[in-house]
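Undergrad: One structure is given below, represented as structure tokens, and several questions about it will come after.
Just so it is clear, none of the values below were taken in a lab; they were calculated from the coordinates. Remember, it's a predicted structure, so these values are computed and weren't measured experimentally. Cβ coordinates were reconstructed from backbone atoms using ideal geometry, including for glycine residues, and neighbour counts include every protein chain displayed.
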Amino acid sequence: MSYAGISVREALDKLNAPNNGWFLPQVQRQYVWGARHESEDYVCLLLDSLLKRYPIGGVVLWETDQKVPYRRFVGDYAPGKFAYQVDEGLWGAPKALVYDGQQRLQTLYSVLRHRFNGRVLHYDLLFDSNTAESDETGFLFRDADAAPEAHYLRMTELACMRCNPEEKVNLEVRALTAAGESKELNLRVRRNLSALWDIFVDTNIKSIAYFSVKADTPKEVNEVFRRLNTGGVALTQLELVLGKIKAVQSDYEEKLWALSKKIGNQSGGIKFSSTAILQFFHLLVKNTIRIDEGRLENSDIEAFQNVLEKDTEPLVEVFSGYLKGLLNINHASIVPRWLAVLPIAAFLIQRKRNCHEWRIRAMKASELQPIHQYFLLSQFCDWNTQTMVNAFAREAMAEGKAGNAFPLEQIRQIAIEKNRTGELHEYQLLSQPWLATKVLMPSRSYIFHDNKPQVDHIFPVNLEGQDEAYREAVDVLWNFQPMPAEVNNYKRARHPREFFRSADGNKYWASYDFVPKPDSPVWDSHLAFVNDRKENMLSALHDLYGLVLSVPAVDKKTL
């Protein structure tokens, strides 16, 4: 069978239609175009390609009335909004499952019938394609509550119009008000409107090609899908593994989403994605985070199901009890090396499986210290390769199973063998100031804006009368304090000695850590202050976590 053609209007009417509608198979990845950088530009180019009658790639369907799980297309698109499967009672209805073309169809459905990131797609009827640059399209997104303007045509309005002459004339009369008395603009509006009508309202122009796969079972069509990926991005090994699991347990991915959401809620906002969770489960099941779909056996699928049912509590505990509970870490960006966190979760899971204490707050200080030290060393010393994390996890699971302490020294030796330093150096703290500041002040919480923590320079960078050498000296970890922006803006470029002695600034004194008394002579010199605070912060590093900085050999000779 060859490709057939369908108009944009007809394709949109097919999506989620109750009778012989087009839907998404469970094996499909989630929609990713909306999360891409400059996603609005990609969308406008897709619509422009249709308007110019360029090919946009084919759609591949499996037409079936078999009882298989499937999902609806999302209406209003927003980040983190997923396509959920329909009720099981509908699985046997006649339908067509889109095995290739989801990203394009979902984009068209959201922008022509709904909203996209809370915004509405428009077309500028005064757009002149003859003078425009190659990357200009005439399509643009506007806020949903933006005031209407005659020359901006809402594409959601156009795409829902009936295809009859009266509707077209009424629209044209209204749109021509944007042209005023100009004959040139009048002609341009008519030309643009006619082209838009032909593609997005009329059904005579078959802009989208589709191919119906003839297959008796989901297994056959899944194999076709694996070989296709025309015009798209090939499925990752992780997605292929997930597809095999969902073929047995259709709602497995939705349970992963729920677990990801639970982690976010109980950790104060740390985002740990469903794919990251699945990679961790792969570590538990296959003893590696390096995923190879070809090595997945039927017994492994059952193991993945068991892990999700029985082993999620210790994973949540790493986020809620440890990162949030003890270190007050509430955002994923504070932790630069997430793979290195997985051995801690694997360690707790083995302790729970074998009836040993696994709850963080119930552990003794002597049991927590090696976990603390591993976490900090793995982050600052970059113990984060797949090979290292696999080896660390094996050691951690063996000791967790036996009820022993976290195996820091064995892991440290593995890191050294992999050409990583096993000691903590000052430059490593300075290179990760967000994390270093946070763990040295665990009682303080970061407030984030645009994924960046709000931090105060105690000695302001822009202090009046200071030179570049001063700015470099104070723009350093030892001068940082987690602080809400409103306090930072209130303090602004005031000298900290004056600020803390003032009536308005003194009330913020208790919000700062490792600072001398307001009348201390240390405030007289920014260098003296930075050195004094550095010494106090390094003392806290030892007191809290039992860690000290390694002294470089060149410095040891001068001691």
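Undergrad: Can you spot the lysines whose alpha carbon is less than 17 Å from K246's alpha carbon? Ignore those fewer than 8 places along the same chain.
TA: K67, K219, K255
Undergrad: Within the set of other residues whose C-beta is less than 13 Å from the C-beta of N306, count the net charge using Lys and Arg as +1 and Asp and Glu as -1.
TA: That sum, taken over residues with Cβ under 13 Å, equals -1.
Undergrad: Additional query: Just tell me which lysines come within less than 17 Å, Cα to Cα, of K534; anything on the same chain fewer than 8 places away is out.
TA: Reachable lysines: K438, K517.
Undergrad: Taking H placed 1.01 Å from N in the peptide plane, check which residues at least 5 places from Y99 or on another chain put their amide H under 5 Å from its amide H.
TA: V60, L61, W62
Undergrad: To continue, here is another question. Contact order normalised by length for region 4-209, with contacts defined as Cα pairs under 8 Å and 6 or more residues apart; what percent is it?
TA: 29 percent
Undergrad: Cα-based Rg (one decimal) and Dmax (whole number) for the chain, in Å?
TA: Final numbers for Rg and Dmax: 29.8, 92 Å.
Undergrad: Next question, about the same structure. Taking a 19 Å limit on the Cα-Cα distance, which of the listed pairs K14/K95; K271/K324; K244/K401; K95/K206; K244/K286; K81/K452 fall beyond it?
TA: K244/K401; K95/K206; K81/K452
Undergrad: Quote the relative contact order of region 431-556 in percent (integer), defining contacts as alpha-carbon pairs under 8 Å separated by 6+ residues.
TA: 23 percent
Undergrad: Among residues other than Q85 whose Cβ falls under 15 Å from its Cβ, what is the net charge (Lys/Arg +1, Asp/Glu -1)?
TA: That works out to +3.
Undergrad: Using per-residue counts of other Cβ atoms within 10 Å, averaged over each peptide, order 298-307, 446-455 from highest down.
TA: The peptides rank, most packed first, as 298-307, 446-455.
Undergrad: Please sort 355-361, 265-271 by packing, taking for each peptide the average over its residues of neighbouring beta carbons within 10 angstrom, highest first.
TA: Packing order, densest peptide first, comes out as 265-271, 355-361.
Undergrad: Further, regarding this structure: Counting only other residues whose beta carbon sits under 9 Å from that of R119, what net charge do I get with K and R as +1, D and E as -1?
TA: After counting each charged neighbour, the total is 0.
Undergrad: As a footprinting exposure proxy, order E498, E313, E133 by other Cβ within 10 Å, with the fewest listed first.
TA: E133, E498, E313
Undergrad: Still on this structure: How large is ³J(HN,Hα), in whole Hz, for each residue of region 191-204 in order, when computed from phi with the Karplus curve 6.51 cos²θ - 1.76 cosθ + 1.60 and θ = phi - 60°, using x for Gly and Pro?
TA: Those phi angles translate into 5, 5, 5, 5, 5, 5, 4, 4, 8, 9, 10, 5, 10, 7 Hz.
Undergrad: Give the relative contact order (percent, whole number) for the chain; include only Cα pairs under 8 Å separated by 6+ residues.
TA: 11 percent
Undergrad: Provide the packing ranking of 463-470, 484-491, i.e. peptides ordered by the mean count of other C-beta atoms within 10 Å per residue, highest first.
TA: 484-491, 463-470
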